[in-house]
Amino acid sequence: MNMNGKTVVVTGSTSGIGLGIARGFAAVNANVVVNGFGNAADIEKEVQALEKLGSGAVVYDAADMSKPDQIVAMISNAEARFGSVDVVVNNAGIQTVEPVETFPPERWDLIIAINMNSAFHTTRAALPGMKRRGWGRIINISSAHGLVASPYKSAYVTAKHGITGFTKTVALEAAQNGVTVNAICPGYVLTPLVEKQIPETAAARGISEEAVKRDVLLAAQWTKKFVTVEQLAGVALFLCSDAAENITGISLPVDGGWTAA
Ligand code: NAD
């Protein structure tokens, strides 16, 4: 597969799954817009490393995915720089693990803004260009929690279920314009987001961190293996391939059998 000349925006790609997906696209020669928080020097090093993977250009945009005006500016800057935004991967996400009665309202608002609303804002900004050119891919990094729930993650599960509905709706709206819209629903991947939840979940459930890994995280993952960022990059690239032209509106589990049970 070669994505030479195509431009991909990956939100939240300074870490974890987003960075893995950015690497996957850079390696097939796409131009990549990296986004997310982090130390400026580390990000610059990562941008240079990504650039070495293929022949595309790699740029960093610091847009905050909780700020609609910054999201719109990120898409228009990418269009101005590269001439098009052909693929948007809505990946930025945060988590809080807390019973609903004590869930901080400001964290609820922030999780809904970053994990759900940002996909609306990127899509709204990028879709007109995709439709005009007759080709585009919108890939929403949802979660197994876009399909099923777990306790103490009310905001996250709500946002991810929202993404499932948004994915279906925009898929129908864009279906005749060469644009597909899909969600990938990973099970647990050992990224900083999950590492951080281990002590939180241990506290919320009153169990040890080892027990969280064994009895909570991998309990429902029938393969007993964490999903890897490389596997998710492979699935995202597949959704950009010609073979996937008629796949649209789906929420594809990559979860070791979790949501099959
Ligand atoms: P991570 O914490 O490693 O990375 C999150 C990225 O989002 C970082 O680059 C961070 O800087 C960025 N980010 C956070 N807030 C942002 C904001 N306001 N604006 C811009 N960027 C922001 O997390 P991850 O595990 O790689 O998660 C990535 C996505 O995958 C999330 O949507 C998450 O819900 C989803 N997911 C993760 C898992 C898992 O097990 N790790 C499973 C299913 C789904």
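Numbers below:
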item: Top-ranked residue of segment 63-90 - restricted to ones that are under 14 Å from the mean Cα position of the chain (by Cα) and within 13 Å of the ligand (Cβ to nearest atom), ranked as surrounded by the most Cβ atoms within 10 Å (Cβ to Cβ); result: V89
item: Subset of segment 69-90 (residues that are closer than 25 Å to T167 by Cα and either part of a helix (DSSP H, G or I) or at pLDDT below 95 (or both)); result: D69, Q70, I71, V72, A73, M74, I75, S76, N77, A78, E79
item: Subset tally (residues that are within 12 Å of the ligand (Cβ to nearest atom) and not in a loop (DSSP other than H, G, I, E, B)) for segment 217-230; result: 3
item: Of all residues in segment 185-216 being within 8 Å of the ligand (Cβ to nearest atom) and assigned to a helix (DSSP H, G or I), the one that is surrounded by the fewest Cβ atoms within 10 Å (Cβ to Cβ); result: P192
item: Residue in segment 249-257 that is open to solvent by 50 Å² or more (accessible area, probe 1.4 Å) and under 27 Å from L50 (Cβ atoms) present; result: yes
item: Which numbered condition N140 fails, given (1) farther than 22 Å from V194 by Cα; (2) open to solvent by less than 60 Å² (accessible area, probe 1.4 Å); (3) within 16 Å of the ligand (Cβ to nearest atom); result: (1)
item: Residue check, T7 closer than 22 Å to T123 by Cβ and polar (S, T, N, Q); result: yes
item: Tabulated pairs, segment 171-200, first of a type in the set (V, I, T), second part of a strand (DSSP E or B) and open to solvent by 20 Å² or more (accessible area, probe 1.4 Å), C-beta under 7 angstrom, 6+ apart or interchain; result: I184/L252; I184/V254
item: Residue identified as touching an Asp or Glu at 6+ places or on another chain (Cβ under 8 Å), closer than 23 Å to G16 by Cβ and surrounded by fewer than 24 Cβ atoms within 10 Å (Cβ to Cβ) among E44, E98; result: E98
item: Answer from G93, G38, G12 - the residue that is within 16 Å of the ligand (Cβ to nearest atom), in a loop (DSSP other than H, G, I, E, B) and open to solvent by 40 Å² or more (accessible area, probe 1.4 Å); result: G38
item: Residues within segment 229-245 that are in contact (Cβ under 8 Å) with a residue 24 or more places away in the chain and open to solvent by 60 Å² or more (accessible area, probe 1.4 Å), tallied; result: 2
item: Odd one out for S150 among (1) assigned to a helix (DSSP H, G or I); (2) open to solvent by 10 Å² or more (accessible area, probe 1.4 Å); (3) within 12 Å of the ligand (Cβ to nearest atom); result: (1)
item: Subset tally (residues that are within 14 Å of the ligand (Cβ to nearest atom) and touching a residue at least 60 places away in the same chain (Cβ under 8 Å)) for segment 96-109; result: 2
item: Pick from segment 47-62, criterion of a type outside the set (A, V, I, L, M) and open to solvent by less than 40 Å² (accessible area, probe 1.4 Å), ranking: nearest to K6 (Cα to Cα); result: G56
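The values are calculated or read from the model by the stated rules, or taken from the named source; none is laboratory data. Computed from a predicted structure; not experimentally measured. Methodologically, a virtual Cβ is constructed for each residue, glycine included, from the backbone with ideal geometry; neighbour enumeration extends over all protein chains shown. Ligands, DNA and RNA are stripped out before the accessible areas are found, and what is left, the full protein with its side chains, is counted by its heavy atoms. Shrake-Rupley method; radii C 1.70, N 1.55, O 1.52, S 1.80 Å.
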